[in-house]
1. Of the numbered conditions (1) modelled with pLDDT of 75 or more; (2) within 30 Å of residue 36 (Cα to Cα), residue 109 fails exactly one; give the number of that condition.
2. Determine whether the stretch 137-144 contains at least one residue that is buried (at least 16 other Cβ atoms within 10 Å of the Cβ), under 13 Å from residue 67 (Cβ atoms) and of a type in the set (Asp, Glu).
3. Contact list please: Cβ distance under 6 Å, first residue in the stretch 160-171 and part of a loop (DSSP other than H, G, I, E, B), second residue surrounded by fewer than 16 Cβ atoms within 10 Å (Cβ to Cβ), pairs at least six apart or on different chains.
Amino acid sequence: MPTEISGSTGVNKIQDNTIVNADINSSAAIAGSKLVMPTGSVLKVERSSTASDATSTSTSYAEVLTHNYTPVSSSSKIYVQVFFSAYNNNTNTTAGLQCSVKRAGTVIGLDDKTVVYTSTTADHFQVAVVVTGEYTNSSTTAADYELWIKSYDGGSVKAYSPYMIITEVAG
């Protein structure tokens, strides 16, 4: 027999296990806005990449990769991970690059991460780089998340096939 909820019975009168899966219409849908995920739950993950390589030939930052992300919740944490292979063609014995993760042009959690390669001879270097950032969200407005690189020592720095993973976690 179906359970009827009225002004005299109220929702607080329904006992646990009174409503079971069989009582719910298979075409029924619960709006996502009605669901509350516990703190630490992953709300959304997005990945972006670029097919082209980016080069910076100065000690000023150059934007390498941008991903426009719209948060699900205004109280979540946004975690950004960027992966790429870096190459510096400087022929000094010490060469390197610096990188930064930004949200709408503002550094989030990491700035001037430096990757330095030292050799006993003048040589080029190539290295895998992982850069991370964290942002405490306060709105559901879309924003650009960006990777920026620059040469550590004035040589030409290249980021090969960079890609970004953005993970939103319930706060």
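The values are calculated or read from the model by the stated rules, or taken from the named source; none is laboratory data. Just so it is clear, the model here is predicted, and its values are computed rather than measured. When we count neighbours, we look across all protein chains shown, and the Cβ atoms used for this are built from the backbone with ideal geometry, even at glycine.
1. Result: residue 109 passes all but (1).
2. The initial filter retains those residues of the stretch 137-144 that are buried (at least 16 other Cβ atoms within 10 Å of the Cβ), namely 137, 143.
Restricting the remaining residues to those that are under 13 Å from residue 67 (Cβ atoms) gives 143.
This time we only want the ones that are of a type in the set (Asp, Glu), so: none.
Taking every residue of the stretch 137-144 in turn, none turns out to be buried (at least 16 other Cβ atoms within 10 Å of the Cβ), under 13 Å from residue 67 (Cβ atoms) and of a type in the set (Asp, Glu).
3. 170/37; 170/39; 170/41; 171/75
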